[in-house]
Amino acid sequence: MSRKTIIPQTISGFVEYIRNAYDVTMKNINIYKIDAVEFAKITPLYTAFINLEALCANPATATKGNRDARNAAWKALEKQWRIFLNKTIRLNDNISVADREIYGIFPHDSTPTAAGIPAECCEITVSRKGYCEYDVIVENGTTGKKKRPDNAAGNNLYSAVVELGQPAPPRETFRFEGFSSTCHHEVRFGEKYLAKQACLFARYTNPHGKEGPEGPVMSFIIV
């Protein structure tokens, strides 16, 4: 059976994913019969990334240099991690289908079932995390809660940047920032956008990528 691999592409999603997957591998390395040599290639990259992310999560040490180093460490870790998954996890019969999902490995559905489209809008709140970095929380516009509505596998976040005081551009021109299966995104803007106006909105999406209605646009000044 062919399988697809889903690794989160937002920093918050990747941190949660890699911590969980790494810990599960450590605890089950003998049960899964993991090649210790291959796993040893991951450890220094994982440690470097987690240490740098801790620095970036602290406003006192969230310098541009640390963020650039963190992003480079993320890229290096993800590249080696994908090699590790393909070599030791994907076709490992000692790992159940359910356990493979911890690694983001899912069987391709040859007979997909119909999934409804989320009917609710997203509403977002934004808080500054560091220099040009923001945490974005997505809530159900109907209930005001973080729990996903029926038929939603997660939400997609979109962004645009305009000059200060300008209205938000047409929705079709917004950039796709990423998907999150949780209520949380992290958004980083380049220094060239400092003191400009960011515009964000989100949409719930079902497991097949069909999106619900557009939520309202949240605008704020990038600092």
(request) Using a cut-off of 11 Å between beta-carbons, work out the net charge of the residues near Val223 (Lys and Arg +1, Asp and Glu -1, Val223 not included). (result) +1
(request) Lys and Arg at +1, Asp and Glu at -1: add these up for the other residues within a Cβ distance under 13 Å of Leu77 and post the number. (result) +4
(request) With everything on Cα atoms, drop me the angle between helix 11-27 and the longest principal axis of the chain, reported from 0 to 90° to the nearest 10. (result) 20
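Accessible area of the chain with a 1.4 Å probe: how many percent of it is carbon plus sulfur? Don't jump to the answer; show the numbers that get you there.
Values: 6420 of 11750 Å².
Exposed carbon and sulfur together represent 55 percent of the surface.
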(message) So, for the range 40-196, what is the accessible surface per residue at a probe of 1.4 Å, expressed in square angstrom?
(response) 54
(request) Let me know the number of lysine pairs in the range 134-223 closer than 29 Å at the Cα, not counting same-chain pairs under 8 apart. (result) 4
(message) Compute the angle between helix 43-57 and the longest alpha-carbon principal axis of the chain, please, reported from 0 to 90 degrees and rounded to the nearest 10.
(response) 20
(request) May I ask you to list the lysines whose Cα is less than 29 Å away from that of Lys27, ignoring any residue fewer than eight positions away on the same chain? (result) Lys4, Lys41, Lys75, Lys79, Lys87
(request) Averaging over all projection directions, find the projected area of the Cα convex hull of the chain and quote it in nm² with one decimal place. (result) 13.6
(request) Springs between alpha-carbon atoms under 10 Å, Gaussian network over the chain: tell me which of Ile11, Ile42, Ile29 tops the mean-square fluctuations. (result) Ile29
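Using the Cβ atoms and a cut-off under 12 Å, what net charge is assigned to the surroundings of Lys87, where Lys and Arg are +1 and Asp and Glu are -1? Display every interim value, and only then the final one.
Working: positive: Lys41, Arg82, Arg90; negative: Asp35, Glu38.
Around Lys87, the charge tally is +1.
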(message) From the helices alone, meaning DSSP H stretches of at least four residues, give me the mean residue ellipticity at 222 nm for the chain, per-run term -39500 (n - 2.57), in deg cm²/dmol to the nearest 500.
(response) -8500 deg cm²/dmol
(message) Under 8 Å for C-alpha pairs, at least 6 residues apart: give me the relative contact order for the range 75-218, rounded to a whole percent.
(response) 27
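Suppose every K and R has +1 on its Cβ and every D and E has -1 on its Cβ; what is the size of the dipole of the chain about the Cα centre, in Debye to the nearest 20? Please report the intermediate quantities before stating the final value.
Details: 28 positive and 24 negative charges, 91 e Å.
Taking the Cα centre of the chain as origin, the dipole is about 440 debye.
The values are calculated or read from the model by the stated rules, or taken from the named source; none is laboratory data. From a predicted model like this one, the values you see are computed outputs, not experimental measurements. Every residue, glycine among them, receives a Cβ derived from its backbone with ideal geometry; neighbour counts consider all protein chains shown. Protein only, heavy atoms only, side chains kept; ligands, DNA and RNA dropped before computing areas. Shrake-Rupley method; radii C 1.70, N 1.55, O 1.52, S 1.80 Å.
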